[in-house]
Amino acid sequence: MTSASEADWRLFRGNGVPRAVTLPSAPPWRRFSPAPALRPELPYLIQPEHADVVNAALHLRRPLLVTGPAGTGKSSLARAVSHELRLGELLRWSINSRSTVREALYQYDAIGRLRETTLSRDRGESEPSIGTFIRLGPLGTALVPSATPRALLIDEMDKGDVDLPNDLLTVFEEGFFDIPELTRLPEDMADVEVQTADHRGSVTVHQGRMQCAEFPVVVITSNGEREFPPAFLRRCVRLALPVPDEARLRAIVTAHLGEEALRDADELIEAFLRRRAPGELATDQLLNAVFLRTGGVDLDAEGLLDAVLHQLTGAL
């Protein structure tokens, strides 16, 4: 990466004078591509004992419940497993307080179907297939039968409704779900093409039921904000990721930014360790600081290091 000089790292000067600038290259973890397969895959470092837990979940075909403070690599683990095992594009279900299993399985646009059916009748055309108005969600797409399983990240499960984990039990145990709008169709309409969450096209649903051939690789993350029901925990393999120590932080910096980045990282790693408390700083904040330092940014400028290594808890 080309270093900026002391004078020109300030792209924005706040003086209201327009000028032409060339933005420097983004950090490796902030580079995007319209085609997910073309995005750079960042290295993922994991201790052998933690990798063994991941392997146990793979062998048992059980969801992997990953806990740990923010920034310990919980979500990145799902991407790493999907990439290394060549399971295709990672499916992602981000949980919030309104999330339901139903929406993660499929969505049915009843209003859109009514509108299009009415318009088709007015034009004297045949009615569109009901499958045109059904799209599988990330969980539903993960259950589409295939020779190899798909990988699904269920991110921040503890953000969801208290009943959400129990609502997942049947799907986790049986590996199938029904679409009532399709189960009610007559026999001559037993096979319906519906859309998938990854926009790869359509799949056939037979008699309204989607049944997986191989249970998907499911990684569930939690920040530990609340406990889950015993029945849910019994069906998961649990992995607790610790905050990385100094040696681990150095390895992470090297893996993401190269060996030469360590020359500028000592002071920043010390500052990071000094400020860090469980849940208050994330590892990617350190990477941000090292990236700026190696690019010539003066992190000693007033307030800049505080802005980059800001605490994740407490009032802003």
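Overview of results
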| read-out | value |
| --- | --- |
| Scope segment 164-192; condition in contact with a strand residue (DSSP E or B) (Cβ under 9 Å, 6 or more places away or on another chain), in contact (Cβ under 8 Å) with a residue 60 or more places away in the chain and either of a type in the set (A, V, I, L, M) or open to solvent by 70 Å² or more (accessible area, probe 1.4 Å) (or both); matching residues | L168, V171, I179, V192 |
| Residues of segment 193-217 classified as of a type outside the set (S, T, N, Q), in a strand (DSSP E or B) and crowded, with 17+ Cβ neighbours inside 10 Å, total | 5 |
| Evaluation of G124 against (1) part of a loop (DSSP other than H, G, I, E, B); (2) within 19 Å of the chain's Cα centre (by Cα); (3) among the small types (G, A, S) (one fails), failing number | (2) |
| Subset of segment 272-291 [open to solvent by less than 50 Å² (accessible area, probe 1.4 Å) and assigned to a helix (DSSP H, G or I)] | F272, T283, Q285, L286, L287, A289, V290, F291 |
| Test for H310: is it under 25 Å from the mean Cα position of the chain (by Cα), modelled with pLDDT under 85 and within 20 Å of R30 (Cα to Cα) | yes |
| Test result for R238, assigned to a helix (DSSP H, G or I) and either of a type in the set (F, W, Y) or touching a helix residue (DSSP H, G or I) at 6+ places or on another chain (Cβ under 9 Å) (or both) | no |
| Filtered residues of segment 145-163 (kept if part of a strand (DSSP E or B) and open to solvent by 10 Å² or more (accessible area, probe 1.4 Å)) | D155 |
| Of residues in segment 32-59 being touching a Lys or Arg at 6+ places or on another chain (Cβ under 9 Å) and more than 17 Å from S75 (Cβ to Cβ), the one modelled with the lowest pLDDT | S33 |
| Among residues of segment 76-101, those that are crowded, with 17+ Cβ neighbours inside 10 Å and among the polar types (S, T, N, Q), counted | 3 |
| Inter-residue pairs, beta-carbon under 9 Å, first farther than 20 Å from E193 by Cβ and touching a residue at least 60 places away in the same chain (Cβ under 8 Å) and in segment 100-112, second of a type in the set (A, V, I, L, M, F, W, C) and open to solvent by 60 Å² or more (accessible area, probe 1.4 Å), 6+ apart | none |
| Enumeration of residues in segment 49-58 that are farther than 21 Å from L168 by Cβ and either open to solvent by 40 Å² or more (accessible area, probe 1.4 Å) or without any contact (Cβ under 8 Å) to a residue 40 or more places away in the chain (or both) | E49, A51, D52, N55 |
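The values are calculated or read from the model by the stated rules, or taken from the named source; none is laboratory data. In this text, all values refer to a predicted model and were calculated from it rather than measured experimentally. Note that each Cβ is placed from the backbone with ideal geometry, even for glycine, and that neighbours are counted across all protein chains shown. Surface areas here come from the heavy atoms of the whole protein model, side chains and all, with no ligands, DNA or RNA. Shrake-Rupley method; radii C 1.70, N 1.55, O 1.52, S 1.80 Å.
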